[in-house]
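A.B. asks: I have a structure I would like to understand better, so I am pasting it below and will then ask my questions one at a time.
The values are calculated or read from the model by the stated rules, or taken from the named source; none is laboratory data. It should be emphasised that the depicted structure is a prediction, and the values quoted were computed from it without experimental measurement. Here the Cβ positions follow ideal geometry from the backbone for every residue, glycine too, while neighbour counts run over all protein chains shown. We work out accessible area using only protein heavy atoms, side chains counted, and drop any ligands, DNA or RNA first. Shrake-Rupley method; radii C 1.70, N 1.55, O 1.52, S 1.80 Å.
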Amino acid sequence: SPLALWDICPLFKGVGWGMIIISGLVCIYYNIILTWVIYYLVLSFAARVPWDSCDNDFNTCNCTETRIEEHLRNLTEQLMPNFTWPANPRCNSSTPLHVNYSQTSSNEFWRYSVLKQSDGIDNLGSIHWGLLLSLIGAWLLIFACLCKGVKSVGKVVYVTATSPYLFLAILMVRNCMLPGSWEGIRFYITPVWSKLANLEIWHEAALQVFFALGPAWGGLITMSSFNKFKNNCYRDAIAVPIVNCLTSIFGGFVIFAVVGFMAHKTGKEVSDVVDKGPGLVFVAYPEAIAQMPVAPLWAILFFLMLITIGLDSQFGMFETMTSSFVDEFPRYLRKYKTPFVGLMCMVEFLLGLPLITQGGIYIFTIFDWFIGTFALCIIALFELIVICYVYGIHRFRADIELMLGYKPGHYWTVMWCGVTPLALVLILISIAANFTNPVLENYKFPPGSIAFGWLIGSISIIIIPVVAVYRIYKVGKGSLLERIRYLLRPSTDWGPPKDTLYNMRMGKLDNIVTSQTQPMLPIYPGSCSVPEGSATPGTSDVIIKDPIVD
């Protein structure tokens, strides 16, 4: 787990705690997205989707059934402010007038049926009971898939990891048959080279990589720890990003085909139809679905796809959190893994309740704005610095050789030691230079909510020096400098199990050759003796006389 990993450099074990904190916090609000998706999915099992008209109880007098009608009403109000529209036959005197501008039925469904949005974060209102049931369902689903740990996840991901491709393929074929879809695709694949000079584009792209591939979250560490010792991690580290990015590109075709259809229906430019954040998934895309034949079928496929994708992300983050605690406290938790997973699901569920109140969307925005931005970059930077410059890049490459039989090329050394840290520093500078307070439509967040956002966003970073100070104190003996030097060395538990190391040293596993003419394997504390006068174990790769080989 991200905690056990830091036996490589105990002083920086706080980096592992930071990964767990980020994963735990994101699990809270990420499952709210799954809650919304489940709510939409359940309501899609009907003869018609509920957001396709303005005849519902939640609709206001400003509701328009298409964006063309909305566009005309808004344009008329701008050009002729005193113009009075005829009475809306769908509107009665008891219907509240929530806004002074028109909006589509899908927008009103999202705002007044799903969120039941209040006027601000200081007015949380009541819990949405439909969302409460959906949230319970989401956490029960997580528990059912993770109750047995990686054994149950390994079976579930055969479905959740492959079914999105089937859904994407079906939606791609259907969307390309819509009028105007090719205009959206053309907009998607036409580059705007001037955007490359915008630093904000680069840091947004970097954050997308963090969220898509999962570095610095701890999930990759947790899941890869279940691999066999000789698993080809070199191959996986190349294949996974390629497959991931190709999937994202393919998903973009699916989405922009619908965006082009929306532009065609409204008479707008494609760039004017594109939305971001929850608006794209829960307003724009459902609106396009509502205008398709057999709309409920396409809605069910779309939201099922989102559930399978969301579950995969939740699996990684939640398993990171639970496995870390089990590894840290095996005496108390290892025998009770299933009850502990259930307890953590309950805790996360309770922490998520404020996000399904009427003011929950404001708390969600705070979470989304402050968690997983600068903190992820800082944690990734610490990871690189510790492994490359404290533990040592040559020893790290030798560790990989121990598993694969060969070392990664010098290209990787240059990337790990120079290019990637520099890129992360530039991204952090860009984030700081372009940072703005959270935005939700025209709502201005009060200072207290922004301070809360900084608190939850910084806690995963603050924990790093706190744990370092604690571990220095716990060493107990020696001067401050001696304690720090001691904690910068790998602990006695670091490295492969001794029986595995023994077999490798004896040449019983493939691709490992041990002789006095070959480079020696990296030295792990406790694995071999060190003659007087030789280097200290864990500080350099030295050739020594190995009692095991003797």
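A.B. asks: With every protein chain left in place, what is the accessible area per residue of the stretch 247-333 in square angstrom, probe 1.4 Å? Please list the in-between numbers first.
C.D. replies: On the way: 3230 Å² over 87 residues.
Ligands and nucleic acids excluded, the figure is 37 Å² per residue.
A.B. asks: Taking amide H positions as placed 1.01 Å from N in the peptide plane, with prolines and chain starts having none, which residues 5 or more places from Thr104, or on another chain, fall under 5 Å of its amide H?
C.D. replies: Result for Thr104 returns Thr64.
A.B. asks: Another question, if that's okay. Can you compute the modelled spin-label distance between Lys477 and Thr338, with each label point 7 Å from Cα toward Cβ, in nm?
C.D. replies: The answer from the label model is 4.6 nm.
A.B. asks: How about the stretch 1-48: which chymotrypsin sites (Phe, Trp or Tyr not before Pro) there lie in a loop by DSSP and see at most 13 other Cβ atoms within 10 Å?
C.D. replies: On the way: sites: Trp6, Phe12, Trp17, Tyr29, Tyr30, Trp36, Tyr39, Tyr40, Phe45; in loops: Phe45.
Filter output for the stretch 1-48: Phe45.
A.B. asks: Does the stretch 389-487 come out rounded, prolate or oblate, given a ≥ b ≥ c as the square roots of the eigenvalues of its C-alpha gyration tensor, rounded meaning a/c under 1.5 and, failing that, prolate meaning a/b above b/c?
C.D. replies: On the way: a/c = 3.27, a/b = 1.44, b/c = 2.28.
Because a/c hits 1.5 or more and a/b fails to exceed b/c, the stretch 389-487 counts as oblate.
A.B. asks: From the Cα gyration tensor of the stretch 315-432, with a ≥ b ≥ c the square roots of its eigenvalues, which class applies: rounded if a/c is under 1.5, or else prolate if a/b is larger than b/c, or else oblate? All intermediate terms of the calculation are to be shown ahead of the outcome.
C.D. replies: Numbers: a/c = 3.64, a/b = 1.39, b/c = 2.62.
It comes out oblate by the Cα gyration axes.
A.B. asks: Give me the number: length gained by fully extending Phe226 to Val192, i.e. 0.36 nm times residue separation minus the C-alpha to C-alpha distance, one decimal in nm.
C.D. replies: Once the chain is fully extended between Phe226 and Val192, it gains 8.0 nm.
A.B. asks: Also, quick follow-up: Using the Cβ atoms and a cut-off under 14 Å, what net charge is assigned to the surroundings of Tyr29, where Lys and Arg are +1 and Asp and Glu are -1? Numbers along the way, then the final one.
C.D. replies: Values: positive: none; negative: Glu348, Asp368.
With Lys, Arg at +1 and Asp, Glu at -1, the neighbours total -2.
A.B. asks: At a 1.4 Å probe radius, which order do His264, His410, His203 fall into by accessible area, largest first? The partial results should precede the final answer.
C.D. replies: Numbers: His264 105, His410 130, His203 20 Å².
These residues rank, largest area first, as His410, His264, His203.
A.B. asks: Same structure again: Taking a ≥ b ≥ c as the square roots of the eigenvalues of the Cα gyration tensor of the stretch 144-244, is the shape rounded (a/c under 1.5), prolate (a/b larger than b/c) or oblate?
C.D. replies: oblate
A.B. asks: Turning to a different aspect of this structure: Once you've got the Cα coordinates, tell me which of Lys116/Lys444; Lys228/Lys477; Lys230/Lys474; Lys148/Lys230; Lys228/Lys474 are over 30 Å apart.
C.D. replies: Details: Lys116/Lys444 19 Å; Lys228/Lys477 38 Å; Lys230/Lys474 35 Å; Lys148/Lys230 25 Å; Lys228/Lys474 34 Å.
Long pairs (Cα-Cα over 30 Å): Lys228/Lys477; Lys230/Lys474; Lys228/Lys474.
A.B. asks: Relative to the present Cα-Cα distance, how much length would full extension add between Ile400 and Cys233 at 0.36 nm per residue of separation? Display every interim value, and only then the final one.
C.D. replies: On the way: separation 167, 0.36 × 167 = 60.12 nm, distance 0.85 nm.
Full extension from Ile400 to Cys233 adds 59.3 nm.
A.B. asks: Also: May I ask you to give the percent of accessible area on the stretch 263-358 that is carbon plus sulfur, with a probe radius of 1.4 Å? Can you show the working numbers first?
C.D. replies: Values: 2700 of 4140 Å².
The nonpolar share, carbon plus sulfur, comes to 65 percent.
A.B. asks: Moving on to the next point. For every other residue with a beta carbon closer than 13 angstrom to the beta carbon of Lys444, add +1 if it is Lys or Arg and -1 if Asp or Glu, then tell me the sum.
C.D. replies: Values: positive: none; negative: Asp119, Asp122, Glu441.
The answer is -3.
A.B. asks: Which ³J(HN,Hα) values, rounded to whole Hz and listed in residue order, are derived for the stretch 351-358 from phi using the Karplus coefficients 6.51, -1.76 and 1.60 in 6.51 cos²θ - 1.76 cosθ + 1.60 with θ = phi - 60°, glycine and proline given as x?
C.D. replies: Karplus values, whole Hz, x for Gly and Pro: 5, x, 4, x, 7, 10, 7, 5.
A.B. asks: Still on this model: Could you do me a favour and compute the accessible area per residue for the stretch 104-159, 1.4 Å probe, result in Å²?
C.D. replies: Details: 2620 Å² over 56 residues.
Solvent-accessible surface per residue comes out at 47 Å².
A.B. asks: A follow-up question, please. Please compute the net charge surrounding Glu183, taking Lys and Arg as +1 and Asp and Glu as -1 over other residues with Cβ under 13 Å from its Cβ. Please list the in-between numbers first.
C.D. replies: Details: positive: Arg186, Lys265, Lys268; negative: Glu269, Asp272.
Result for the neighbourhood of Glu183: +1.
A.B. asks: Round to the nearest 0.05 the FRET efficiency obtained for Val425 and Val173 when R0 = 35 Å and r is the Cβ-Cβ distance. Write down the numbers at each step before the final one.
C.D. replies: On the way: r = 44 Å, r/R0 = 1.27.
Result of the calculation: an efficiency of 0.20.
A.B. asks: Extending each Cα 7 Å along its Cβ direction at Trp202 and Tyr411, get the distance between those two points in nm, one decimal.
C.D. replies: My value for the distance between the label points is 2.2 nm.
A.B. asks: By how many nm would the segment from Arg331 to Tyr486 grow when fully extended, if each residue of separation counts as 0.36 nm and the alpha-carbon distance is taken off?
C.D. replies: Working: separation 155, 0.36 × 155 = 55.80 nm, distance 2.64 nm.
Full extension from Arg331 to Tyr486 adds 53.2 nm.
A.B. asks: Between Leu140 and Asp55, what is the label-to-label distance in nm when each label sits 7 Å out along the Cα-to-Cβ direction?
C.D. replies: Taking the two extended label points, one gets 3.3 nm.
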